[in-house]
2 protein chains.
Amino acid sequence: MSNPVEVSCVDVLIVGAGPAGLMLANWMSRTGIKTRIVDKRGTKIFNGQADGLQSRTLEIFDSFGFAYRAWQESNHMLEMCLWNPDDNGLIQRTDRLIDTIQNLSRFQQAVLHQGRIERFFLDSIAEHSKIRVERLVIPETLELDESKVALDNEYPIRISLRHLAEDPAPAQSGVENGLFRSNITEDDTEGILETSKAKEDRTEIVNAKYLIGCDGAHSWVRKQLGDDFALVGEATDYVWGVLDIIPITDFPDIRTRCAIHSQESGSMMIIPRENKLTRLYIQLKEVSTGGRIDRSTISPATILKGAQKVLAPYKIEYKYCDWWTVYQIGQRVGKGFSKHDRIFLAGDAVHTHSPKAGQGMNVSMQDTYNLGWKIAQVVKGEADRSILQTYEAERRKVARDLIDFDHKFSRLFSGKPAKDILDTEGISLAEFKKAFADGNMFTSGVGVKYSGSQIVAVSDEDHPSDKADNEVTSKGQFASKVVLGMRMPSFKVLNQSDARPWHLQERLKSDGRWRILIFAGNIKRSTQLARVNKLGKQLASPTSFLSRFRPVGKPIDSVIEVLSIHSSPRTDCTIFDFPDIFHPYNDEVGWDYWKIFVDDESYHEGHGEAYKNYGIDVETGCAIIVRPDQYVSWIGAVDDYQQMDSFFSRFMKVQS
Amino acid sequence: MSNPVEVSCVDVLIVGAGPAGLMLANWMSRTGIKTRIVDKRGTKIFNGQADGLQSRTLEIFDSFGFAYRAWQESNHMLEMCLWNPDDNGLIQRTDRLIDTIQNLSRFQQAVLHQGRIERFFLDSIAEHSKIRVERLVIPETLELDESKVALDNEYPIRISLRHLAEDPAPAQSGVENGLFRSNITEDDTEGILETSKAKEDRTEIVNAKYLIGCDGAHSWVRKQLGDDFALVGEATDYVWGVLDIIPITDFPDIRTRCAIHSQESGSMMIIPRENKLTRLYIQLKEVSTGGRIDRSTISPATILKGAQKVLAPYKIEYKYCDWWTVYQIGQRVGKGFSKHDRIFLAGDAVHTHSPKAGQGMNVSMQDTYNLGWKIAQVVKGEADRSILQTYEAERRKVARDLIDFDHKFSRLFSGKPAKDILDTEGISLAEFKKAFADGNMFTSGVGVKYSGSQIVAVSDEDHPSDKADNEVTSKGQFASKVVLGMRMPSFKVLNQSDARPWHLQERLKSDGRWRILIFAGNIKRSTQLARVNKLGKQLASPTSFLSRFRPVGKPIDSVIEVLSIHSSPRTDCTIFDFPDIFHPYNDEVGWDYWKIFVDDESYHEGHGEAYKNYGIDVETGCAIIVRPDQYVSWIGAVDDYQQMDSFFSRFMKVQS
């Protein structure tokens, strides 16, 4: 080491470029935060791995503008068939269930392999920023200067990064590497470091404001944080064989998601996928904690044999196998998600579970989807650091719910814990069906509900009487079908100016902005118009919260955007019937025609009935504050300016 | 010229890489034909130019897999407002019309500038082939050896191409070049050639089987073909000013398509566009044939002033102008579209007209969309050369219809031909509305109907009695709402195997294949099942037309694909209830799960009611032959194997 070591500063350093890390980098690309993202691997994933996409995940992709790619390429999960033994012990289709509850989301659950998801992220990040994944980079040492953690503009994190001269990791494609990146393999970080030390590598020091460990189940970042951050949980591990093949079979439901319980040969799950592929999940056996299965005994042929037994008398074969693996996963949650709100853990680094319900990649991405905008607002000085505390509060609960669900789901799927593939005990059909239906809110990802905090108001039902003058309480009765703390549901509304129908969610883009949705009601009634005009005047005032929290020199809608949806007949109005602040004027480009919407019949796509579906009174409307990640923070009267101001004043910083 | 001149052979040579040339190259990329495409310009279009996208054009884009890009980026045209003077002479909104008739297409008309369309084509071509546009290449000489034109495998065309060392064409971006590529500019090919001769350029000789001139209104290819190919038509020319701006205005309908007739100041059209832009069309004046307007008198300010007068008392200004131009266009159609079915002309090279109805780019692209698959089938030896004759027969009629429509539309829009922008004579509102509504089938592009030919059967209503044994006649009564010779309409059907809803048109991809749509009816009735099974047996026979026309060593569906849509309840069937030929087996990938569909209720997207919407009997079904470009060739009974065989035998070549 004769050369001086390079030292640099960055706002956000992300370790790990899997789905969780890429989601975070993607947020940073949209919010303009100085960011680096490093990964020890030489390439992204090519095939196999996680593949389930929740409805909610597709909504999030849409908020970043690339859901259509996933939606187009993926296989859509519409139906689930249950197969069980009949009186003669032969499997029969006993039921068909809908796979995603109707009207839960614009998107149904879908399946597409992780490599494509990573591709979409990489393209999206490159399109919106100069951030690029730096591969073959391994963190070596980590220090956190606790004296600086409370100071906004400091860089309390010091980390050394080693740049490898060449890729020491094994090639990942092909069937022969079925166990690659399976969690049955041991962590290879130490090995990679060991190998690389002999080479002509380069080391640098990075000072960071924030560090996020998205580095998987063997997280290096987590290990540096010590025992307070260990994963804790379920002691019993399950072992699953997974086979991605183009099936050659006479089984009629091979293109349908199936749960098959055989009489004598255990059970399996079929997940039809993109590109003619089908994934088969077969529980192989159970081992006790700490036990490691003998890898040499497992091959694609082993897994296929299991599948053939379950499916008999139907036949199944393949000539093309895209990927296979064996999973042995404990159900564990990290004790801590954040250290001093400067170092964060996300994704597999803080929760592991079985892959079967297709949840893992989704929950991991949603961890950093929750975190990203908060970090961006703090780094930009728009919001107080204290909002970062909500990350652990909100996401640790989700992780625990996931483990609970997974626990129940895995147990049900395999009946009493199966001793091996020949275990014949199955669960009752009724039990399975109920669990599947109950789980749909959860598996679709739209069931997540964040509790009251600085950034989610408490409900006035929870605090009916003893509220201080300035306390912010949400009045759910103004939008009886919108749930405080859950993501804003989506229905179609029309742009006032050009009649184009939009799902409301399409206008809630992930660009880091808060939004106030003004359901203006029927402005053709003079009393209602007076309320709306009064609100407009308050919002437009130089002392309004819109003005106080507006960064110097930036447009009025750069941190908080006002969108309005009225319920008068579209053809009776123009945007000039609304306060100017609802369609702000700009010297260069004139009036804004993309902020005022109406709940009316469209020319080609029917009537969204948004007011009705949100449970909002069409005459008097309401106001809803929506977070940058589309979760509902507050519901109140359309003209309750004071509560809106109080809400934002709790955490937004006055700019001057 | 001391170096030997390079000589090479190519199946298809395309001159001109505008929308018509790119559409053709795109077909070639999908069908694997050895193709070159050259253009004299150094770059593609960046902004301005043509912008209207018909519903039918979007359907075609979708058949190539990139409609979603256009649909996402474009501005959708949903509504048209008419403004006319009131009794006080002030303009008032007098009417709102729907812009695309309901249920005509999955897509409504949209607006997006030509540069993006070219980008989508370039990406699509690159993704599917090694074909790349060769820029700065100019054809110099053309010879056609008439002794070879009838011989399939000959290269009767000899053309010399000059590769320019540098771009002699003017830069195209920016407002200052508003007249660039406007047809008011003189043809610059000669000038470019002249300039380039002094440079160190390279010349090559290309022998081609087919040459397609997509080289615009000043077509060099057309000129080489002599006077028999001249454009003929309307002697009176109109002059229009066009301004693409981000408008700053208090006019409330600026984001709606508007036709505005003012009392004193002439008329204008507003076309709202993507990226906050709005296009204004203003008729400036009329000049007689051969007259050229004085370019120095026209500037964006001239055009804006016209707009301000029409819009008064509303105000309009701009700070950003994206593009502007002046058009002076005659309405003309070429005398011939093809020489010996070896050299073809397409797009502006054979028809010119006013831009106002947003038709030009669409009709041009549809010229080569009509031609491309025919050339591909002939080059591959799948079909007889004689099908190429249908290009001129089909497209010359469309061009003439376009001119007729344009003539009427232009005249109506400006009332009696306006002498200048101050001409006060307007047309009656009733007249305008009727013309607009009548024109909708035409302007959407779905009204095109090709007449009987080798590749479109005659209707049995036209030839009721005197038919020969072997004559193929279409029996429209089997699908009363499907029109012979028009494009197959689209309704949603479900995939039998996975319940996924598809617009039927989404399964009619532009990949060069003919399709037989077997509307199998209710196969739960044994008589119907027997008919379907009999057809399946005939189709699967080694002497069937599927077998006879199948290229050696290729899959059974490589030239003619059988898709079936049945009307039995989906959950009562599996694909194994249908003849194997309906879901062919492949040794490598098993059964085909993507060819059998059902007209049934979907889980999330309602019921497509395809049988009802096509006017097909749900019990007995029917069969429909659809061309590779989605036009309907024949309608008949579901089991009329003999007519299907006879139809294809008219032009398909037996392979052996």
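Since every read-out is calculated from the coordinates, none of them should be taken as a lab result. Just so it is clear, the model here is predicted, and its values are computed rather than measured. Note: ideal-geometry Cβ built from the backbone for every residue, glycine included; neighbour counts use all protein chains shown.
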In degrees, nearest 10, the alpha-carbon axis of helix A:429-438 is tilted away from the dominant principal axis of the alpha carbons of chain A by 30 degrees
So for chain B, using the alpha carbon gyration tensor with a ≥ b ≥ c as root eigenvalues (a/c under 1.5 gives rounded; past that, a/b versus b/c decides prolate or oblate), I'd call it oblate
Bridge orientation stat for the protein assembly as shown from DSSP, antiparallel percent rounded to 5, came to 70 percent
In degrees, nearest 10, the alpha-carbon axis of helix B:360-379 is tilted away from the dominant principal axis of the alpha carbons of chain B by 40 degrees
Computed about the Cα centre, the charge dipole of segment A:7-95 from +1 Lys/Arg and -1 Asp/Glu charges at the Cβ has a magnitude in debye, to the nearest 20, of 780 debye
The helix A:114-128 Cα axis meets the longest alpha-carbon principal axis of chain A at an angle in degrees, between 0 and 90 and rounded to 10, of 30 degrees
With +1 at each Lys and Arg Cβ and -1 at each Asp and Glu Cβ, the charge dipole magnitude of the protein assembly as shown around its Cα centre, to the nearest 20 debye, comes out at 200 debye
Per residue of B:586-595, other chain Cβ atoms within 10 Å number on average 5
Mean other chain Cβ within 10 Å across A:248-256 is 5
Quick calc: nm separation of the 7 Å Cα→Cβ label points for residue B:150 and residue B:96 -> 6.3 nm
To the nearest 20 debye, chain B has a Cα-centred charge dipole, built from +1 on Lys and Arg Cβ and -1 on Asp and Glu Cβ, of 280 debye
Of all trypsin sites (Lys or Arg not before Pro) in segment A:80-161, the ones in DSSP coil with at most 16 other Cβ atoms within 10 Å are A:130, A:132
With the label set 7 Å along Cα→Cβ, residue A:408 is separated from its counterparts in the other copies, in nm and shortest first, by 6.5
quick shape note, the protein assembly as shown: Cα extents on principal axes in Å, largest first -> 89, 79, 71
Of all DSSP beta bridges with both partners in segment B:458-649, the antiparallel percent, nearest 5, is 60 percent
homo-copy label distances at residue A:438 (7 angstrom along Cα-Cβ), nm, one dp, ascending, are 6.7
Computed from the beta carbon distance with a Förster radius of 45 Å, FRET efficiency for residue A:656 and residue A:72 to the nearest 0.05 stands at 0.45
For segment B:94-110, Karplus-derived ³J(HN,Hα) couplings (6.51, -1.76, 1.60; θ = phi - 60°; whole Hz; x for glycine and proline) come out as 9, 6, 10, 10, 6, 8, 10, 3, 5, 6, 6, 7, 5, 10, 8, 4, 9
Per DSSP, the loop-located GluC sites (Glu not before Pro) within segment B:523-602 having at most 13 other beta carbons within 10 Å are B:588
One decimal, nm, nearest first: from residue B:543 to the same residue in each other copy, label points 7 Å out along Cα→Cβ, the values are 9.7
Of the residues B:584, B:110, B:147, the Cα lying farthest along the dipole of chain B towards its positive end, which is defined by charges on the beta carbon of Lys, Arg, Asp and Glu, belongs to B:584
Largest-first semi-axes in Å of the equivalent ellipsoid built from the Cα gyration tensor of segment A:91-141 are 39, 17, 10
If R0 = 35 Å, then residue A:218 and residue A:408, at their Cβ-Cβ distance, give a FRET efficiency to the nearest 0.05 of 0.85
The chain B residue whose Cβ lies closest to the rotation axis carrying chain B onto chain A, with that distance rounded to whole Å, is B:68, 3
Note, segment A:216-223: 3J(HN,Hα) by Karplus (6.51, -1.76, 1.60, θ = phi - 60°), whole Hz, Gly/Pro = x, goes x, 4, 9, 2, 5, 4, 4, 4
Taking chain B and counting helices only, DSSP H stretches of n ≥ 4 at -39,500 (n - 2.57) each over all residues, the nearest-500 ellipticity at 222 nm comes to -7500 deg cm²/dmol
